[in-house]
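One structure is given here, and the rest of the page talks about it.
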Amino acid sequence: MTALTALLLVTACQQQEERPVNTTPVPSVAASPFICDYIPLDAVRLMTGVQDPLVDGKFDMTAGEDLGSEKWGSGGCFVYEPTGEKPKVLDVSLSPDGTEEEVAYRIRKGAARLPEIVPGSIGFTFQDGSAGNTQAAAVLVHGHDRVIVELVRGVRGRDNAADVVALMKLIAPKLILDATPVPEKVEN
């Protein structure tokens, strides 16, 4: 009886390990439901494998006004496993402290260049090359605005680097354009 129980447990564990990986690409169009008002939940589910994530954070597109400067946006959206430990799986941040020099430096050091996602933007992506690592990140700079998509723990078997680039393509145009100050009208 004990041998049969052990055999059933081993078989059940093997079946769980052999579960196929969902390799569906991250959607190319942002659709609701959204988390933190900008990030499609379906994309998060695909990238992280977490179906019911805990979400914290928000983006404030008028943060600079509170400090007496130009209107600029900042904030973050943090996605966690719904476990007692709450390990973070995804981090998306927006800040007004990006520089083209930082991006050029990272590309010279081996990061891959992002396509021009927003006109006039520059960015890079990288993934830790160690075996089994599912971390990947993408950084996009437009003027002073910087968006970072950091996949802290992705799904083994997915193209995690492609996932962060796809999410950046979905969210950066809206985040950056909402965060960038609108030039004041010049009166003649």
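Note that segment 36-50 has calculated 3J(HN,Hα) couplings of 6, 6, 10, 10, x, 4, 4, 5, 4, 4, 5, 5, 9, x, 8 Hz, one per residue in order, obtained from phi through the Karplus relation 6.51 cos²θ - 1.76 cosθ + 1.60 (θ = phi - 60°); glycine and proline are x.
Checked against a 24 Å cut-off, the cross-linked pairs LYS109/LYS174; LYS58/LYS109; LYS88/LYS169; LYS86/LYS109; LYS58/LYS174 give Cα-Cα distances beyond that limit for LYS109/LYS174; LYS58/LYS109; LYS86/LYS109. Listed values for segment 156-168 are Karplus-derived 3J(HN,Hα) couplings in whole Hz (6.51 cos²θ - 1.76 cosθ + 1.60, θ = phi - 60°), namely 4, x, 8, 8, 4, 5, 5, 5, 5, 5, 5, 5, 4, and x replaces Gly and Pro.
Taken together, the values in this text are just the output of simple stated rules run on the coordinates, not laboratory data. All figures in this text were calculated on a predicted structure; none of them were measured in a lab.
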